[in-house]
Amino acid sequence: MKNAVKGAANGARPRPGSGAQLSFGEEFGEGRGEGRCAGRRRRGFGNGRPRAANGAVNGAAKRRANGAAPAARRLTLTGQASAVVFVEQMLRQAVAFGASDAHLEKYEHCARLRYRLDGVLRRIETGAFLFNEYTSVSTRIKLLAGLDIAEHRLPQDGRFSFSCEHGAADVRVSVVPLISGERIVLRILDSGGFDSALDHLGMGGAELALFRRALRMSQGMILVTGPTGSGKTTTLYAALRELNGEPGGELGGAPGGAPGGEGINILTAEDPVERRIEGINQVEVRESIGLGFADALRAFLRQDPEVILVGEIRDLETADIAMKAGLTGHLVMSTLHTASVAGTITRLVNIGLPEYLVGAALTLVVSQRLVRAICPHCREPCPAQALPPLPPALVAAQLHRGRGCAHCHHTGHAGRCAIYEMVMMDEDLRRAVSAYSAAPAKVTQQINERRLCSLQEAGQKLLRDGVISPAEYVRVLT
Ligand SMILES: [Zn+2]
């Protein structure tokens, strides 16, 4: 069994050999049976995600027959001998579960550990251990991340890398002092979900063709939008891999018909770099040393790139440089936190970009969401009395939900699927966007005419097909 934890402070790369080499013994007790899964590589957004077997799940949850939501069973992490073992066991469990984050917090009378699974926080029972040993646990995490263990008043950030038989992960640590103790979030990067090819992201044939058409262009800007946790980065990574000429991609090169991979220069500015890809030049932005997205972009333009990925557009300066780069012979891809395609145009104009620039530079706008799929092992018809308020068209349909079983940690969900709203710019739409202030409604109308389907329509199809539950539809799409 090979396990390793390597530490590094404040965003620096892990120093080889600098961290403690740890091994797991037999003292894990209940934890030993966890996550005995074949492998951790996933396709798409968590479909087929390996789950921990059953060692981690206990507690009683009888299915209620009265139509109320199925009760969630508890996930546990118990049997720790020390803070060191607890932290190791937590990381192993989080990686085995495919969690994106682990949250630790302490209150006056309790402490709480939660994992973000499929986008939703799930509490992990730790008995009294975490409350009693909270300081030791936080000290251990700080040591791993190369942080100042004596500092309890200021926020700190660090990172370390971790590997076990379930997989490897870079872990970003954020510590924020609360009045009741330090709150710690471990963001688990590279823990799966990014190995997807474009074909595996759940795009329909027409959507995929549209997306690839935009990727083939030698210039312009592709924006992928949605709230945090909507899978934007996964979509862009899939696009990068295809441009990089990796197997499975149909593109085999582009843009401008150039050969892929070897034939083009791809640069990315990310915060953080979530997945390292051979053949792609990735820069991690660090505002603390004056390397923001805009700074990285300016430097990129002197590096003779074909393709530029900007992790996120947060301000006018970044947006302006990225748009102009898209107009001057570069294919630029980025993300924006907006709710819809129409909302994206509005945001770009509102942050101060000239309308003509938005109209001229944009090629494709994608708005996307991730929805949790019903677990196939415990799928059941949803009783009418358990239905949340839904659009009238859906009320008559037979809808489904997950009852909760050992396969899905008693959540009723297994994996996620993405839904998309896509609009390709054309001359009429460009003209409308260039005159946005004079007639914003015209832009919305043209977008509605051009999109293949709205997010709501895509969600309703999944709902009718029994892929997602009514509660999930309401959570994400209303
Ligand atoms: Zn299930």
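The values are calculated or read from the model by the stated rules, or taken from the named source; none is laboratory data. What you are looking at is a predicted structure, and each value in this text was computed from that prediction instead of being measured. For neighbour counting, all protein chains shown are included, and Cβ atoms are generated from backbone atoms with ideal geometry for every residue, glycine included. These accessible areas exclude ligands, DNA and RNA; they are computed on the full protein's heavy atoms, side chains included. Shrake-Rupley method; radii C 1.70, N 1.55, O 1.52, S 1.80 Å.
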Using the Karplus curve 6.51 cos²θ - 1.76 cosθ + 1.60 with θ = phi - 60°, what ³J(HN,Hα) values do you get for each residue of region 320-331, in whole Hz, with x for Gly and Pro? 5, 5, 5, 5, 5, 4, x, 8, 10, x, 10, 8
Measuring from label point to label point, each 7 Å out along Cα→Cβ, what is the Ala397 to Glu449 span in nm? 2.8 nm
Pulled fully out, how much extra length does the chain show between Ser163 and Ile149, if you take 0.36 nm times their separation in residues and subtract their Cα-Cα distance? 2.7 nm
Using a 1.4 angstrom probe and counting only protein chains, how large is the accessible area of Asp199 in Å², to 10? 70 Å²
Please report the accessible area of Cys164 (heavy atoms, 1.4 Å probe, ligands and nucleic acids excluded) in Å², nearest 10. 10 Å²
In what order, largest first, do Glu355, Glu457 sit by accessible area if the probe radius is 1.4 Å? Glu457, Glu355
Using a Förster distance of 22 Å, how high is the FRET efficiency between Leu291 and Glu262, based on the Cβ-Cβ distance and rounded to 0.05? 0.20
How large is ³J(HN,Hα) for each residue in region 434-444, as worked out from phi by the Karplus curve 6.51 cos²θ - 1.76 cosθ + 1.60 (θ = phi - 60°), to whole Hz, x for Gly and Pro? 5, 10, 4, 4, 5, 8, x, 5, 5, 5, 4
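Going through region 78-162, which GluC sites (Glu not before Pro) have at most 13 other Cβ atoms within 10 Å and a DSSP loop state?
Numbers: sites: Glu88, Glu105, Glu108, Glu125, Glu133, Glu151; in loops: Glu108, Glu133, Glu151.
The qualifying sites are Glu108, Glu151.
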Net charge of neighbours whose Cβ lies under 13 Å from the Cβ of Glu133, counting Lys and Arg as +1 and Asp and Glu as -1: +2
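Based on the alpha-carbon gyration tensor of region 274-357 and its eigenvalue square roots a ≥ b ≥ c, which shape applies: rounded if a/c is under 1.5, prolate if not and a/b is larger than b/c, or oblate?
Values: a/c = 1.64, a/b = 1.49, b/c = 1.10.
Taking the square roots of the gyration eigenvalues as a ≥ b ≥ c, region 274-357 is prolate.
So for Arg275, Arg298, what's the accessible-area order with a 1.4 Å probe, most first? Working shown, then result.
Details: Arg275 50, Arg298 95 Å².
So, going from the largest accessible area down, we get Arg298, Arg275.
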In debye to the nearest 20, the charge dipole size for region 298-415, taken about the Cα centre with +1 at each Lys and Arg Cβ and -1 at each Asp and Glu Cβ, equals 500 debye
How would Ser434, Ser454 line up by accessible area, probe 1.4 Å, largest first? Ser434, Ser454
Contour excess over end-to-end distance, with Cα ends at Ala209 and Thr478 and 0.36 nm allotted per residue: 94.0 nm
Nonlocal amide H pairs with Asn265, under 5 Å, H built at 1.01 Å: Glu306, Val307
Can you compute the modelled spin-label distance between Val185 and Ser136, with each label point 7 Å from Cα toward Cβ, in nm? 2.8 nm
For Cys453, list long-range residues whose amide hydrogen, built 1.01 Å from N in the peptide plane, is under 5 Å from its own amide hydrogen. Met422
With every protein chain in place, what's the accessible area of Asp271 (1.4 Å probe, Å², nearest 10)? 60 Å²
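For Asp426, what charge total do you get from the other residues with a beta carbon under 15 Å from its beta carbon, if Lys and Arg give +1 and Asp and Glu give -1? Could you put the intermediate results ahead of the total?
Working: positive: Arg213, Arg430, Arg431, Lys442, Arg450, Arg451; negative: Glu427, Asp428, Glu449.
Cβ neighbours under 15 Å give a net charge of +3.
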With each pseudo-label sitting 7 Å past Cα toward Cβ, what's the His337-Asn281 distance in nm, one decimal? 3.0 nm
